[in-house]
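Reading through the structure tokens given below for one structure.
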Amino acid sequence: MTFTLAGGLIVAIGGLGPALGIGFIGAKAVEAIGRNPEASGKIMVNMLLGMAFAEAIAIYALVTAFIMK
């Protein structure tokens, strides 16, 4: 029972940070493209790379929760 609760908390808290990070990255990328549309190619590559790194942290939290179970 406690491991199930701990796993749920790990996923919930471990997913909160990356979710906020991905939201901020997307918002700033759209803002930057709005200011300078010619640089959209460079901005999109950096945005996707940053989102992938943030998503990796959420995957680490999920793997940790599975290991706990």
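The values are calculated or read from the model by the stated rules, or taken from the named source; none is laboratory data. None of these values were measured; they are calculated from a predicted model. Reconstructed Cβ throughout: ideal geometry from the backbone, glycine too, with neighbour counts over all protein chains shown. Accessible surface is based on the protein model in full, side chains and every heavy atom, while ligands, DNA and RNA are left aside. Shrake-Rupley method; radii C 1.70, N 1.55, O 1.52, S 1.80 Å.
Of note:
- Solvent-accessible area per residue for the chain (1.4 angstrom probe, square angstrom): 74
- Rolling a 1.4 angstrom probe over the chain with all protein chains present gives an accessible area of which 77% lies on carbon and sulfur atoms.
- ³J(HN,Hα), Karplus 6.51/-1.76/1.60, whole Hz, each residue of the stretch 59-69, x for Gly, Pro: 5, 4, 5, 5, 5, 4, 5, 5, 5, 5, 7
- Using θ = phi - 60° and Karplus 6.51 cos²θ - 1.76 cosθ + 1.60, couplings along the stretch 20-28 (whole Hz; Gly, Pro as x): 5, x, 5, x, 5, 4, x, 5, 5
- Extension gain, Ala27 back to Leu48 (0.36 nm per residue minus Cα-Cα distance, nm): 6.3 nm
- Taking 0.36 nm per residue of separation and subtracting the current Cα-Cα distance, fully stretching the chain between Ser40 and Leu5 would add 8.3 nm.
- Taking Cβ atoms as reference points and 15 Å as the exclusive limit, the residues near Gly23 contribute a net charge of -1, counting Lys and Arg as +1 and Asp and Glu as -1.
- Within the shell of other residues whose beta carbon sits under 12 angstrom from the beta carbon of Met47, the net charge comes to +1, with Lys and Arg scored +1 and Asp and Glu -1.
- Rounded D (µm²/s) - the chain, Kirkwood Rh over Cα pairs, Stokes-Einstein at 4 °C, 1.567 mPa s: 98
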